[in-house]
Every structure is written in C-alpha cells, then in structure tokens.
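For reference, the structure is listed below as structure tokens.
The values are calculated or read from the model by the stated rules, or taken from the named source; none is laboratory data. Just so you know, these numbers come straight off a predicted model, no measurement behind them. Methodologically, a virtual Cβ is constructed for each residue, glycine included, from the backbone with ideal geometry; neighbour enumeration extends over all protein chains shown. Side chains are part of the model used for accessible areas, which takes the heavy atoms of the whole protein and leaves out ligands, DNA and RNA. Shrake-Rupley method; radii C 1.70, N 1.55, O 1.52, S 1.80 Å.
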Amino acid sequence: MADRSPYSTLEVSERDPESFQKEVVQYPDHSYPQAVPLEQAGSTQSYYSPESAKEVVNPPNSFYPGVAPLPAAYKDPNYAGAAAYQNAAAYHNGAGYPNSETYPNSAYPNSAYPASTIGSTAYGPSPLSATDGSQYPPHMNEKPLPIPTICGLARRTFFIILGVAIVVIIALVAGLAGGLASKNHNGSGAAAAAPDSSEPSGSSDGGNPPTPTPSNNSTSEKLILDNSKITASNWTDPNGAVHRTIFFQDAYNSIIARRWDSQGKSWTTNNLSELMAATTTPLNPQRGTALASASMDLDPTYETHVWFTDPGNIIRSMASFDALNRPDSWDNDTLNNAVLETWPGGQLAGMWQRCWNADCNGTWVVAYQRPEGAIKTANSSTWASATVAVESKDVAANSSLAVVPKLRGAFLDRLELVSERVNSDKTGSMRVTSYDDTWSGADQRVTELQSDIPLPAPSQQFAATRWDSWNQALYMGLLQGGEIEGNHWDGKQMTAVSSFKFNSGPETNFTAIAMSPDAMFYGISNDEILEYSLDTSDPSNFNYVGRVFP
C-alpha cells in the first residue's frame with residue numbers, strides 16, 4: 001500500500017531570518033533532530049487555559065463547629081432501631097441552608113438540636129429523668145406524644161421536599177419554554193432564507209439572475225458583529241455535489257458556520273461557539289477576529305478547517321473531521337499544541353495544499369504575520385516550524401493576506417501569497433509572492449498588483465480565487481472607504497481592474513469580503529451575507545446568487 005503520511009512541499013527553514021536562537025527537539029519517529037523557531041517555546045501549554053484547581057474538603061463526620069454532640073438516642077420499644085435523633089441522612093451537610101455570611105459565628109446555621117442537653121426540654125424529658133422525680137424510668141405503658149406528620153413525613157421534611165419539587169417544576173417549565181422559543185426563532189430564520197438558498201448556488205448559465213427577496217431582518221436587532229470578517233471554502237463529495245462553508249461572527253461574538261449543500265439546495269447553520277460552550281475547551285475568539293478556512297476532498301477524506309485568533313493573538317482552530325458523514329460535528333484542532341502568535345489584530349489566510357503526487361493527503365497551510373513583522377506560513381506537517389515567506393522589510397504592519405493554489409506544470413502543489421507593502425507614509429501596494437518549492441529567493445518572485453492603495457486597516461481585506469482549471473486568477477482588495485480594486489491573470493498577462501460590478505441583488509455596502517476556491521464571492525453588507533458568482537467571461541462582473549444569512 002502506498003504511503004499516505006502527511007507531506008508538504010513547504011520546507012522547514014533551517015535558518016529563520018528573524019531569530020537565530022533555536023531549540024532542538026527530539027522526535028522519536030525521526031532519526032535526526034528538528035530545528036524549531038522560537039515561537040514553539042511554551043508549546044507544551046494546554047490548548048486553552050485550564051480551569052482553576054479546586055479542592056473540596058469534607059467537614060468532620062462528628063459534628064459541625066458550634067454544635068455540641070447530639071443527645072443519646074431515645075430507646076423506646078415503640079421505635080424500631082431505637083435511634084430517633086441520630087445524625088441521620090435527613091439532615092444533609094449544610095444543604096438547604098443559607099450561606100455562611102448569614103451565620104457569622106459558624107460555617108453552618110445553628111443546628112436544629114440544642115447546643116447542650118443539660119436541662120433541655122426541647123425533646124421532652126430525658127430518658128433518665130421521670131416526670132414525677134423518681135429515680136426509676138417511666139412506666140412501660142407510657143407512650144411518647146406522637147410527632148405531627150404530613151403524608152407520613154415529618155412536617156419539616158415534607159415542606160423541604162415540597163419546596164424542592166416546586167423549584168424543579170419551575171425550572172423545567174422555564175427551560176421548555178426557552179427551548180421552544182429558540183427553535184421557533186431558528187426555524188423562522190431558515191424559512192426566510194429558503195427562497196434564496198433554493199437557487200443553484202454558483203450556477204452561471206447565462207440566464208436571468210434570481211430576483212432578490214427582501215430581508216427578513218425587519219427589526220433593528222443586529223445579527224452580525226459590526227467588525228466581523230468572513231471566509232469561505234468549498235469541496236465536492238463523491239456524488240459530485242458541491243458543498244460550501246461560510247464563516248463569520250454573529251452579534252454575540254460567536255463563530256458561525258453556514259453550510260451549503262447543492263444537492264439539497266439549502267443552507268444549514270452551526271454555531272461553533274455554542275457547540276463548544278459546555279466543553280473543557282470553549283471558544284474565546286477576539287471580537288472581529290481574523291478568519292481563514294479551507295476544505296479537503298481527497299477521497300475518502302473530507303474535512304473543513306477554520307482558523308481564528310484569541311484575545312492573546314494566538315491562532316486557534318476548529319475542524320469538521322468528517323464533513324461527508326457528520327457535517328454537524330466540530331472539534332478543536334489543537335495544531336499539535338503549537339503556539340503561533342500573530343501581529344496584534346493581524347490577518348490570516350489558509351488553504352489546503354495538495355501533494356505533488358497522489359500518495360499523500362497534502363497539508364493545511366496558514367499564513368500569518370508575526371509580532372516581529374515577517375509573514376510566515378505554518379503547515380500541518382510541522383505546525384511549530386513556521387517558515388518566513390515575506391521578510392519584515394517587505395511587508396506593512398497588519399497587512400491583509402490571501403493565499404491561493406498555483407499550478408506547477410500538471411501538479412497543483414504551489415501557492416501564491418498576497419500581501420501589502422508600504423510605499424510612503426500614506427500609501428502602500430498590493431503584491432503577490434510565489435512559492436516555488438521554497439520561499440528562499442521569494443523576494444525575486446514578486447508581482448505588483450495595485451499601487452497607491454491605502455495603508456493597512458482592520459477594514460481592509462484581500463481575497464483571491466482561480467478558475468479555468470486553475471490557469472486564471474483574480475486578486476481583489478476591499479480598501480478603506482468600501483472601494484474594491486483588483487487584478488486579473490488570464491494565464492498570460494496581468495490586467496488591472498479598477499472597479500467591479502455587482503449585478504442585480506440588493507444595494508451593497510461591503511464591510512468584509514471573501515472568495516471560495518471555486519470563484520464564488522461572499523460579502524457582508526447591511527447586516528446580511530450576500531453571494532455572487534464570477535462572470536468568467538468578464539471578471540469585473542459578479543452576478544447575484546442569493547442571500548446566505550440570515
């Protein structure tokens with residue numbers, strides 16, 4: 001059987017231009033050590049910070065502070081077991097009592113029993129003292145007064161059980177009502193999106209574009225985070241059905257996955273933050289985090305991954321490891337515990353890089369900007385050993401990023417990286433750098449795309465895609481002010497595109513853009529996510545397909 005172990009044509013740098021101090025980490029399955037850049041330091045940290053350790057200390061079994069030992073058991077023949085007032089299970093260790101602040105002199109409230117039995121009359125006369133003062137016990141025919149009960153239970157026990165039952169019933173009713181309300185809300189959103197999603201997403205048959213339907217968001221409630229980014233990927237299943245996944249952040253900072261199935265012609269929503277909320281590794285993305293995603297469709301493996309950053313600017317990841325059979329199942333991708341730190345608020349770009357032959361599954365690639373300024377690419381063959389792609393002297397701080405596959409003859413195992421360089425104190429230039437089996441000498445493989453664009457800003461984003469069997473490419477930039485500019489590579493020459501037309505559909509005011517590898521455009525506009533297909537005969541035109549969300 002052929003060896004299908006992960007392999008990447010992205011090399012592991014033997015000498016990191018940013019830092020020369022390296023650690024040597026022994027890997028038991030290799031006969032030689034692997035040089036690891038400094039960012040691996042601390043990689044043994046857990047993926048998310050563990051919860052604070054807690055120690056539960058059981059109180060002594062004898063008695064609580066401030067409470068004297070109980071009196072001896074009343075031993076009357078009419079009481080089975082002859083233990084009427086033992087420290088029984090009916091009186092749990094503090095359960096049902098207020099907290100300690102209510103009782104400053106004790107960890108628990110005052111006991112139901114007296115602190116001392118001397119002279120006590122709380123439970124009637126002592127077994128050793130008769131009512132007539134005699135030194136003998138009471139007559140055997142004498143019977144203690146019956147204890148008042150309700151339904152066979154002591155009054156106190158009955159009311160405690162009744163109170164607990166009422167609280168449980170109220171909680172169940174409230175939970176059921178909340179669940180029904182949430183179900184109705186989600187159902188109405190899916191129903192409202194149905195007219196758009198019924199259109200064959202990505203079709204460019206030259207017919208009339210679909211008529212846009214009014215948004216169902218008739219209220220002022222925000223659905224999408226104001227500074228949310230967006231990313232898109234696609235894959236094709238064994239039956240030829242196209243699947244697309246769009247990621248963004250909702251108004252509550254949750255990471256949302258919106259999935260399209262061309263066979264069922266419907267959009268399905270997964271709230272990744274909600275799915276992970278009850279686990280030991282809940283998601284904690286930055287507000288407006290950078291987003292990157294990629295999908296893999298190498299039979300029998302079908303996966304979708306998304307990358308984002310946490311408040312500490314560390315790259316995190318979620319993945320659907322069985323997108324074909326369990327598309328609603330998402331798990332943490334730990335990146336082998338690698339610590340990949342980005343420029344504060346820095347952008348991300350990701351893709352699945354195919355192997356040069358069919359004997360391996362390829363690798364996942366993420367491009368990011370280090371705090372020192374250089375653009376690096378990390379890949380799943382050795383996540384911790386990221387390699388410099390663009391040196392810090394050639395890239396602007398907080399540069400937008402995009403990556404796209406590139407052919408090497410008949411093999412699709414190369415890539416291109418789009419970034420920005422500073423030209424002056426006011427403008428920069430959009431450039432594409434080619435990876436050719438190595439990033440070494442990449443500064444000699446740079447093509448200028450757009451010059452004199454605004455300097456990087458959180459609202460400025462790049463996107464790229466290919467079509468025509470990966471021979472043609474389109475590079476786009478959403479600039480400050482909302483303008484979109486770009487370049488078209490027709491396989492022979494590069495042509496600048498000063499503006500793009502988005503035909504039909506609602507009026508647009510894009511605040512975030514993305515493109516899938518199969519030339520579909522997605523943009524956040526007016527609290528909606530819109531989908532367009534590229535007019536491959538004129539790459540400056542996009543045709544409206546439908547509304548992805550809500």
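Taking only region 455-475 into account, find how many residues are open to solvent by 40 Å² or more (accessible area, probe 1.4 Å), of a type in the set (S, T, N, Q), in contact with a Gly (Cβ under 9 Å, 6 or more places away or on another chain) and farther than 23 Å from Trp343 by Cα. Give the steps one after another, and end with the answer.
First pass over region 455-475, keeping only residues open to solvent by 40 Å² or more (accessible area, probe 1.4 Å): 455, 458-459, 468-471.
Imposing the further condition that a residue be of a type in the set (S, T, N, Q) reduces the set to 459, 469, 471.
Cutting the leftovers down to in contact with a Gly (Cβ under 9 Å, 6 or more places away or on another chain) gives us 459, 471.
Checking which are farther than 23 Å from Trp343 by Cα leaves us with 471.
Result for region 455-475: 1.
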Tally, over region 217-244, of residues that are at pLDDT below 95 and under 28 Å from Gln286 (Cα atoms) = 5
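Out of Ala294, Ala290, Ala278, Ala257, I need the residue that is farther than 23 Å from Asp226 by Cα and modelled with pLDDT of 95 or more. Which one? Don't jump to the end; show me each part of the working.
Details: Ala290 fails: farther than 23 Å from Asp226 by Cα; Ala278 fails: modelled with pLDDT of 95 or more; Ala257 fails: farther than 23 Å from Asp226 by Cα.
Result: Ala294 is the single residue among Ala294, Ala290, Ala278, Ala257 that is farther than 23 Å from Asp226 by Cα and modelled with pLDDT of 95 or more.
Looking at region 396-408, which of the residues that are more than 17 Å from Gly362 (Cβ to Cβ) and open to solvent by 20 Å² or more (accessible area, probe 1.4 Å) is farthest from the chain's Cα centre (by Cα)? Talk me through it step by step, then tell me what you get.
Taking region 396-408 first, the residues more than 17 Å from Gly362 (Cβ to Cβ) are 396-402.
Now drop any that are not open to solvent by 20 Å² or more (accessible area, probe 1.4 Å), which leaves 397-398.
Details: Ala397: 26, Asn398: 23 Å.
Across region 396-408, the extreme among qualifying residues is Ala397.
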Output the qualifying pairs, or none if there are none: Cβ atoms under 8 angstrom, residues six or more apart or on different chains, first residue in region 453-477 and among the hydroxyl-bearing types (Ser, Thr, Tyr), second residue not in a strand (DSSP E or B).
-> Ser459/Asn227; Ser459/Gln480; Thr465/Ser516; Thr465/Pro517; Thr465/Asp518; Thr465/Ala519
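Looking at the structure I just gave you, is Phe542 of a type in the set (A, V, I, L, M, F, W, C) and under 15 Å from Phe247 (Cβ atoms)?
Values: of a type in the set (A, V, I, L, M, F, W, C): yes; under 15 Å from Phe247 (Cβ atoms): no.
Here the answer is no, as Phe542 does not meet what is asked.
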What residue, of Ala290, Ala278, is surrounded by fewer than 20 Cβ atoms within 10 Å (Cβ to Cβ), among the hydrophobic types (A, V, I, L, M, F, W, C) and not in a helix (DSSP H, G or I)?
-> Ala278
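Taking the conditions exactly as written (exposed (fewer than 13 other Cβ atoms within 10 Å of the Cβ), over 28 Å from the mean Cα position of the chain (by Cα) and in a loop (DSSP other than H, G, I, E, B)), does Asp452 satisfy them or not?
Against the criterion (exposed (fewer than 13 other Cβ atoms within 10 Å of the Cβ), over 28 Å from the mean Cα position of the chain (by Cα) and in a loop (DSSP other than H, G, I, E, B)), Asp452 does not qualify.
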